[in-house]
Every structure is written in C-alpha cells, then in structure tokens.
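Chemist: Have a look at the structure that comes next, please.
Please treat every number below as a calculation from the coordinates, not as lab data. Computed from a predicted model, the values in this text were never measured in an experiment. Note that we place each Cβ from the backbone using ideal geometry, even for glycine, and neighbour counts take in every protein chain shown.
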Amino acid sequence: MRLRTQEEILYLNVRKQIIDEIKNGENQERKREAYKRYLCYKDQTKKFVVEQLQKQFDSSTVEEMAYCISNISIARKIIDKLARVYNYGVEREVEGSDADAANILKLEKELNFNTSIRAANKFLKLQKNLAFYIKPCPVIQNDGSEKYTIKLEPMNPYLYDVVEDYYDRTKPLCYILSDFDYCPSYYAVGDAANAGRTATFGFPVTQTNSNKEDEKIADDPADAKLLKFIWWTDKYHFTTDGTGEITSDYIDNPIEEMPFENFAIEQDGQFWAIGGDDLIDGSILLNSVMTNNQHVATTQGFGQFWMSGKNLPTGVKIGPTKMIRMEYQQDEPVPAIGFESANPQIAEMRDLVETYVALLLTTNNLSTSAVSSSLNGSTATPSGIAMVIDKAESMEDVNDQRQIFIDKEPCIWRKINKWLKVYGDELIDSLKGLELSDDFWKKFSLDFTDAPVISSEKEKLENLKLRKDLGIDSMIDLIKMDNPQLDDGQAEKKLADVLEEKMKHQMDAQKVMADNSAASEGVPPNENNQDGSNGQQDSVVN
C-alpha cells in the first residue's frame, strides 16, 4: 500500500488495510525467503537440505540418509569473504572539531558500533535490504532507577515491513515492526520494539505457542488483539494490535526522523531488492549433493553378500569367525556364496561439487584457486604477488560497498546524537557528556584502511632493500614498514639498537682479523689492547 502523507496512518481504516497486506501470502513469502537466508547464514542449512532431498527421493530413503545430512556453511563463508568493508579498520574524523572526533571514538566503544556495523555489512550482502535500528533502551540501575542507553540493531527484512514513499518507491515513508513466525499461518507474540523479535521454524504449532489466530477461516476478533505492530514515521510513533487499534501512548517522534537507516543494494526502482538467490540455492544444492555422495559411498562402499542354491539357510551371519553350513542332495544345484561390489562414481561426484563451488565463487567475485575437496597438500604455496593478483577481483565489489557506508554512516551518527540530546540527564553515566555538535555530520568523513599486501618474507626484504638502495625511504621509514606497530620514537630506538649491535659485530670482526694477522707473523697479540694491534706497536707507544 502506498500513502501520499504520513498523516494517513492516523486513520484506523488505513492501518487495517496495511496490516492485512502485511499478513497476506505474498508478503509472508518475502519474509520466509529472508528468514531462510538468515538460517543458512547461521549454519542451519540442514533443514532445507532435507526439503530438497524429499523432492527427489521418497520419505523412507530420506529417513535412511538422516545420518549423513550435510550442513557445510558455504553461505557463511562466502558472505564473510564478501562483506569486508570494515575488516581492516576505519578512522572517523570530523573536520575542524577534535572534540566531536574524540566523542565519536568514545561512542564507538560504548555502543559497540564497529561490531554492529560489521554485522550490518554481512546481513546487507546476504539480504540486499537492511534496516539499521537506532533505538533507546531502558536500563535498570542498582538503586532501582531507570536510565537509558542506545542500542544499535541491524535488522533482517523478515523483522519489518515498509510503506513506500509515494513519490520515490526506493525510500520508506513508514516502518512497521512485528514478530514473525516461520509457519505460514502464525505469528509469534511479543513486543517487537522492547522484548525483541523471534522467528521459529515451521514445526507443528501447539496450543502453548499459538496465538490462536485463524487466518484461513473466520476468526474470533479477540485473537487479533494478541498481535503487536510498532509504527514509526518521521513524525509519529505508536503501537497497535492486529486490528489496527492503538494500544500505546500516542507520541510525536522526538527525533523528528525515523530511527532507522535504510541500506539496500540494487533496488531497481522499488523498495525490496531482487536477487542474491544463487548463493542460498547453491548452498542447499551443494549440501544435498554431498549428502547423496556420502550416502552412496556408505551404502555401496562394501560388498553385497549373496547365496544361491536350494534349501538355503536363513538368518545367516557373516564374518571372519562365522561358518555357513549348506547341504544339498544329489542332482540338486551346488550351493554358492559370494560378494558383489558396486562401483559408485564417488570421484566424479566430488568433482561435480568442486566445479559448482568454483562457479559459485567466481560469479561472486571470489578466487577459485583454493577450491579442492582433497587435503593431500600437493598444491604449491603461491607467492605474495600471485596472491595479490588472485584476490584483486573481489576488491571492486568491496569498494562499491564502501561507498554505501560512506553515505549512510553520517546519518546513523546524526540519529545517535539526536537520541543523546533527547534523553540528556536520563542517559547511563557512560554516555553522558558525549553529545556532538548539531552539524557535525556534514563534516564527518570515513577513511578505510586497505588490506595489507600479502608477501613472503623474502619478497618483503627484497622490497625494503630496493627502497633503501633507491634512497626513497630513510632507515626509520623502513623500520616502520617492517614493524607498523612502532611510532617514530620506538623506531628510532630500534634503529639505535640495530646500529649499536652492528658496530659491536664489526669491532669483534676487526679484532679477530688482527689477532689472526699477528699470529701468522709470530707475534703474540696483546690481550690488553681492545683495538687488536700487536705488542710491538704497543711497546713503541709506551
């Protein structure tokens, strides 16, 4: 549903229509798909592998395969490789204001900002849509009083719904938070704003966890009142039940903008981005193939015992300590026993997995050089230059992601600062006094640290020597390149220690050479001389 103005959500009939659309099948399918992606990222691919196998085999066969269901976290590995915007650190600066920069540094630690924003990077790459929620949360103090802190929560798309802006469908006009249950016809009960949101896999719903709501047939109107929907616009904030009736205090939004920052990749003129299915579908398919491969290897990896003849014994047990006795009469066929071995194409099936993984990686801008299901250690160690070239293809995607966060982070910090000013003295002690200037975000900048160049020790030393020979770096510069953790003072001390040690070795070498020269001339060295001169010269001096 699209609205022209925020004020329209103040009408009960409009809220009812929005809630009906939230609960309809198309929107629930969107949420189920988003939750499926989340589960696969959280190492719970196994559920969907079983569903995939049931499409190919009958239920009894799938039950037999239960012992070897594969659950390799392919989606997590690829997403973590792609979402590397903040992996190597970032410096945040506010031009012309050291005080604001210092407060931002403190807020980073107090709010665990870097942890939250890195999670946002991963979920954005996984889902293509993300709402970064900046919300105040009450904290009960030791004396029983209530203070407030700020919680940062990157929210997956199954946790919220959006009313699009009428004039720009890529922008939200209103956010609605509600609990989501993976079961197609059920919602979980709970306050999405304060108690958190839960989503459960589609197992049979019992009376204890059902909200008693019927969505397919006529329902008791009282049941809808168990649901909760949290509404946010730039101007308004309130909570309603499933009928659209407001159940909380109606308030104006104190920060005068939604406490969400919308992240999206490839919206293509609409709010919900389309795409990214290849990674999840591929993860499920690969685990299905590996499950089938393991089952075939187990069931066909041993010989099948057989017997032929007449009046054969039953309940036969085989083994190195077992005997099978078979009797036959004249003119009856001679009994025989044996083993038949299958010839499963295990190697070919493994190669199929490797090929699919390679295609999945290369279409997601990742290297395929390390794709191998064999751990024989035969692969030669690549040089540092080769590794740089091999990994260079993924940096273009990372740089595109960086621009998104460069655009969005100032808005997040602006909303944090607004909440700090709204709550003021009601904040917990660690957040008091950390407010920023009103227009700081206009002068806010991010400086991302690039990934270090990977090189072998030999290549590293050759590079340092070349830079020294060319005269483009001082000894202090070279020491800091080799030891990035040292500051100028520490580098100077290290250089002094190195030069002192080098001088000592040179003096010791000169003394050894002088002693050897004196010994060859038949003159015993004067042990009292530290310069290595011979005794005849010393007597002249004396």
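Chemist: Determine ³J(HN,Hα), in whole Hz, for all residues of the stretch 404-412 in sequence, where each value follows from phi through the Karplus function 6.51 cos²θ - 1.76 cosθ + 1.60 and θ = phi - 60°; x replaces Gly and Pro.
Modeler: Here the 3J(HN,Hα) series is 4, 6, 4, 6, 8, 4, x, 5, 5 Hz.
Chemist: Answer rounded, prolate or oblate for the stretch 224-285, using the Cα gyration tensor with square roots of eigenvalues a ≥ b ≥ c: rounded when a/c is under 1.5, else prolate when a/b is larger than b/c, else oblate.
Modeler: oblate
Chemist: Cα convex hull of the stretch 252-291: mean projected area in nm², to one decimal?
Modeler: On the way: hull surface 20.0 nm².
Averaged projected area of the stretch 252-291's Cα convex hull equals 5.0 nm².
Chemist: OK, next. Output the peptides 480-491, 229-240 sorted from most to least packed, where packing is the average of other Cβ atoms within 10 Å over each peptide's residues.
Modeler: On the way: 480-491: 12.0, 229-240: 20.2.
Ranking the peptides 480-491, 229-240 by packing returns 229-240, 480-491.
Chemist: I would also like to ask the following. Rounded, prolate or oblate: which fits the stretch 42-112, taking a ≥ b ≥ c as square roots of the Cα gyration tensor eigenvalues, rounded meaning a/c under 1.5, else prolate when a/b beats b/c? Before the final figure, lay out the partial values.
Modeler: Numbers: a/c = 5.92, a/b = 4.43, b/c = 1.34.
Prolate shape, in that a/c is at least 1.5 and a/b is the bigger ratio.
Chemist: Can you pull out the GluC sites (Glu not before Pro) in the stretch 67-117 whose DSSP state is coil and whose Cβ has at most 15 other Cβ atoms within 10 Å?
Modeler: Values: sites: Glu91, Glu93, Glu95, Glu108, Glu110; in loops: Glu95.
The qualifying sites are Glu95.
Chemist: At q = 0.23 Å⁻¹, what is the base-10 log of I(q)/I(0) for the stretch 224-345 according to the Debye formula with one equal point scatterer per Cα and no solvent? Please give it to two decimals.
Modeler: Taking Cα atoms of the stretch 224-345 as identical point scatterers yields -1.24.
Chemist: List the lysines whose Cα lies under 20 Å from the Cα of Lys42, skipping any in the same chain that are fewer than 8 positions away.
Modeler: Lys31, Lys77, Lys81, Lys122, Lys125, Lys128
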